[in-house]
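The values are calculated or read from the model by the stated rules, or taken from the named source; none is laboratory data. In this text, all values refer to a predicted model and were calculated from it rather than measured experimentally. Every residue, glycine among them, receives a Cβ derived from its backbone with ideal geometry; neighbour counts consider all protein chains shown.
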Amino acid sequence: MSIKQDSKTEKTWGYYTDYYRSSRMVIKEIVIAPGQKISHQKHWDRKEYWEIVSGEGEVAINGQIQQIKAGSSFFVDIEDWHQVKNTSMEPLFCIEVQVGVECSETDIERTMDVI
């Protein structure tokens, strides 16, 4: 078991901060900057639960697009293609919980954007 604090990772779309990380579970805050989006991706070894804390945006899961805002949540199963985009002028704050046989930043397959 490993608890991390102040492990902020800057990305082109914003940043994420790990609050808990083990080989089988990760809890992190994801902040997507206004107008930005994460890559369109899927995972082979984990599923994810996302809770939107503040902001507004869109999520695409297997090509189905829905609006998200504070209080929204969604589930991403193993091998689901997904992408999250901030459509507002404020940062989009999310909590992501990953669970699986292996929770690793290398378990990502990316493809062309859908949103």
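For the reader, a short list of remarks on this structure follows.
- Number of residues in segment 66-90 that are within 14 Å of the chain's Cα centre (by Cα) and polar (S, T, N, Q) equals 4.
- Boolean, Ile115 is among the hydrophobic types (A, V, I, L, M, F, W, C) and modelled with pLDDT of 95 or more: no
- If you go through segment 1-23 and keep only what is in a loop (DSSP other than H, G, I, E, B), at pLDDT 95 or above and out of contact with any strand residue (DSSP E or B) (no Cβ under 6 Å at 6 or more places or on another chain), you end up with just Thr12.
- One residue alone among Glu105, Glu58 is at pLDDT below 95 and under 19 Å from Tyr15 (Cα atoms), and that residue is Glu105.
- Scope segment 97-115; condition in contact with a Lys or Arg (Cβ under 7 Å, 6 or more places away or on another chain) and crowded, with 17+ Cβ neighbours inside 10 Å; matching residues: Gln98, Gly100, Cys103, Asp107
- Restricting attention to segment 7-27 and to residues that are among the charged types (D, E, K, R) and in contact (Cβ under 8 Å) with a residue 60 or more places away in the chain, the residue that is surrounded by the fewest Cβ atoms within 10 Å (Cβ to Cβ) turns out to be Arg24.
- Selection over segment 70-105 of residues that are of a type in the set (Asp, Glu) and assigned to a strand (DSSP E or B) gives a count of 1.
- Of everything in segment 28-61 that is crowded, with 17+ Cβ neighbours inside 10 Å and β-branched (Val, Ile, Thr), the residue that is nearest to Glu109 (Cα to Cα) is Ile38.
- Residues located in segment 91-101, provided they are more than 9 Å from the chain's Cα centre (by Cα) and closer than 15 Å to Ser72 by Cβ: Leu92, Phe93
- Residue match in segment 62-78 (condition: among the charged types (D, E, K, R), buried (at least 16 other Cβ atoms within 10 Å of the Cβ) and in contact (Cβ under 8 Å) with a residue 24 or more places away in the chain): no
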